[in-house]
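One structure is given below, encoded as structure tokens.
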Amino acid sequence: MFTQAINSWADQSKAFFEPVIEFNQIALSQAQKVGEKQLALVNDYAKLGLEQLSKAAKITSAEDLQKAAEEQFKSIQTINDKVMKDSAELVALGQELGAEWKTFADSKVEATAKTVKAKAKA
């Protein structure tokens, strides 16, 4: 009798904790993906900014200033293109993460429904 109670408790604990562990693993994985993307973006934009500062520090004449202004217009277009690309990538990442949560939720709802049906038949 005692062994049966322990086994029942172990089965119930397993049934409860498995989804919690899976939930935590998904959350951690997603936080890691988002964090890595954010760090990469910070690095990229910091490099762009430092390049611009370096170019500005090298201006010593009116001609250099004119060249720098022309380069700024090119840089603005490059940055604009990068922002658009990065925004699209972040949207795609968000959709991927949402799909992952939907898959998780759907699998748990399906598993719960099967368990309830099995218990109802018993």
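The values are calculated or read from the model by the stated rules, or taken from the named source; none is laboratory data. No experiment lies behind these values; they were computed from the predicted model shown. Because the Cβ atoms are built from the backbone with ideal geometry, glycine has one as well, and the counts that use them run over all protein chains shown.
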Taking only pairs six or more apart or across chains, which ones have beta-carbon atoms under 9 Å, a first residue in the range 72-86 that is among the basic types (K, R), and a second residue that is surrounded by 10 or more Cβ atoms within 10 Å (Cβ to Cβ)?
-> K82/D44; K82/Y45; K82/L48
Does any residue in the range 94-122 that is among the polar types (S, T, N, Q) come within less than 9 Å, Cβ to Cβ, of a residue that is at pLDDT 95 or above and in a helix (DSSP H, G or I) six or more places away or on a different chain, and which pairs are these?
-> none
One residue from K119, K47, K33 being exposed (fewer than 10 other Cβ atoms within 10 Å of the Cβ), basic (K, R) and either on the phi < 0 side of the Ramachandran plot or not in a helix (DSSP H, G or I) (or both) = K119
Residue, nearest to Q95 (Cα to Cα), within the range 1-41, restricted to residues that are over 15 Å from the mean Cα position of the chain (by Cα) and small (G, A, S) | A15
Exactly one of (1) touching a residue at least 40 places away in the same chain (Cβ under 8 Å); (2) surrounded by fewer than 10 Cβ atoms within 10 Å (Cβ to Cβ); (3) not aliphatic (A, V, I, L, M) is unmet by Q4. Its number?
-> (1)
